[in-house]
Ligand code: ADP
Ligand code: MG
């Protein structure tokens, strides 16, 4: 990652008495994908509109490459170097080519160059074949690709996306995500991506910020935030799974073998990526004094690091060469005689692990 490209300080946005946003410090580095994850109404869209100077903060400053952005002319010129993509694609009623060319034309780019750049952008998004198709004939997924092409053709320094997948069906969503990420990297784009979907955040984020009620309540690498939520409200929002980063080391017959920390995990999945994230719910992890006789795919000896009461259950944090968490009931806790510092067998099925492809 490069240097900080965009930063905000003491940013507040108020509607009457109510704070919609209150962000003391935030920054994104050149070439980084920063994902803001938050529930509906948490202020995500407002934040992007403020970054894009579509709206003015009640208070606070925005810095671009270390310099305070002030005055209309500066805001205008910076805004031209950013692109904001919305959840709806809002295309003009003309061809795909014309939609993508529009921004270049109003910037006075010469026709020859327009043609060349538009064709390149269409190729990035694999929609060359749609160039002459009227926008109203496009499917949701195609329209969103055109939308992205229309922004990328302008070579934005900063690319802001507001829940761009919200209107797509699940299969198009996955495909779109994979391709978008590849493209962001290929073009070395700085991306600020907001969403309420945990999966998208886990898949995309170099850096993750959790926004709740207008406050950026936690920031960090996605695995950090998911595994070590700083508060109960973050934990509740990100879920309570174990999230592990790993490298694929083999694949056979629908079973993917992943190296994680000092151990290995087998997952029932199809996978094309090298780097993956694995999610495992604590209720899927079985603890036993002896190895589990039904021999599930994953069986490890683990050290008990910590036990904390968690509602009706106890949550047991383990070190199995990688961090692992399990829920046990109080009777099971007593029967197994679990205590911090002791060793125990932990097992879980290959089908219990959810695999997210990263790169
Ligand atoms: P998100 O994108 O995370 O769903 P928004 O940024 O759209 O959240 O909204 C944050 C909060 O601010 C919401 O409670 C919303 O109702 C409120 N809000 C945003 N803009 C306006 C506005 N122009 N008028 C009234 N309320 C607004
Ligand atoms: Mg929104």
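What residue, among those in segment 284-298 that are within 24 Å of residue 340 (Cα to Cα) and surrounded by 15 or more Cβ atoms within 10 Å (Cβ to Cβ), is farthest from the chain's Cα centre (by Cα)?
Applying the first criterion (within 24 Å of residue 340 (Cα to Cα)) to segment 284-298 yields 284-292, 298.
Next cut, surrounded by 15 or more Cβ atoms within 10 Å (Cβ to Cβ) only: 284-287, 292, 298.
Values: 284: 24, 285: 26, 286: 30, 287: 32, 292: 36, 298: 28 Å.
Among those that are within 24 Å of residue 340 (Cα to Cα) and surrounded by 15 or more Cβ atoms within 10 Å (Cβ to Cβ), it is 292.
To keep it simple, each residue is scored yes or no on (1) modelled with pLDDT of 95 or more; (2) under 22 Å from residue 31 (Cβ atoms); (3) in contact with a strand residue (DSSP E or B) (Cβ under 7 Å, 6 or more places away or on another chain).
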site: 113; (1), (2), (3): yes, no, no
site: 154; (1), (2), (3): no, yes, yes
site: 170; (1), (2), (3): no, no, no
site: 175; (1), (2), (3): no, no, no
- Note on the structure: Of 45, 89, 77, the only residue that is at negative phi, part of a helix (DSSP H, G or I) and crowded, with 17+ Cβ neighbours inside 10 Å is 45
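On the given criteria, is residue 52 farther than 17 Å from residue 215 by Cα, in contact (Cβ under 8 Å) with a residue 12 or more places away in the chain and within 16 Å of ligand 2 (Cβ to nearest atom)? Walk me through it before giving the result.
On the way: farther than 17 Å from residue 215 by Cα: yes; in contact (Cβ under 8 Å) with a residue 12 or more places away in the chain: yes; within 16 Å of ligand 2 (Cβ to nearest atom): yes.
So residue 52 fits the description; yes.
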- Item | Matching residues in segment 237-267 - criterion: being under 18 Å from residue 208 (Cα atoms) and assigned to a strand (DSSP E or B) | 242, 243, 244, 245
- Query: From the set of residues in segment 185-204 that are assigned to a loop (DSSP other than H, G, I, E, B) and farther than 23 Å from residue 153 by Cα, which is modelled with the lowest pLDDT?
  - Reply: 197
- Task: Could you tell me which numbered condition residue 209 fails, if it satisfies all but one of (1) touching a helix residue (DSSP H, G or I) at 6+ places or on another chain (Cβ under 7 Å); (2) within 16 Å of ligand 1 (Cβ to nearest atom)?
- Result: (1)
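Kindly indicate whether residue 100 is away from ligand 2 (no atom under 16 Å from the Cβ), over 30 Å from residue 15 (Cα atoms), buried (at least 16 other Cβ atoms within 10 Å of the Cβ) and at pLDDT 95 or above.
Here the answer is yes, as residue 100 does meet what is asked.
How many of the residues in segment 122-169 are assigned to a loop (DSSP other than H, G, I, E, B) and either more than 16 Å from ligand 1 (Cβ to nearest atom) or farther than 25 Å from residue 34 by Cα (or both)? Explain how you work it out, then say what you get.
Let us first name the residues in segment 122-169 that are assigned to a loop (DSSP other than H, G, I, E, B), namely 125-127, 131-133, 138-139, 153-157, 163-169.
Going one step further and asking which of them are either more than 16 Å from ligand 1 (Cβ to nearest atom) or farther than 25 Å from residue 34 by Cα (or both), we end up with 125-127, 131-133, 138-139, 153-157, 168-169.
Residues flagged as assigned to a loop (DSSP other than H, G, I, E, B) and either more than 16 Å from ligand 1 (Cβ to nearest atom) or farther than 25 Å from residue 34 by Cα (or both) within segment 122-169 amount to 15.
The values are calculated or read from the model by the stated rules, or taken from the named source; none is laboratory data. Keep in mind it's a predicted model, so treat the numbers as computed, not measured. So basically every Cβ, Gly included, is an ideal-geometry build from the backbone, and we count neighbours across all protein chains shown.
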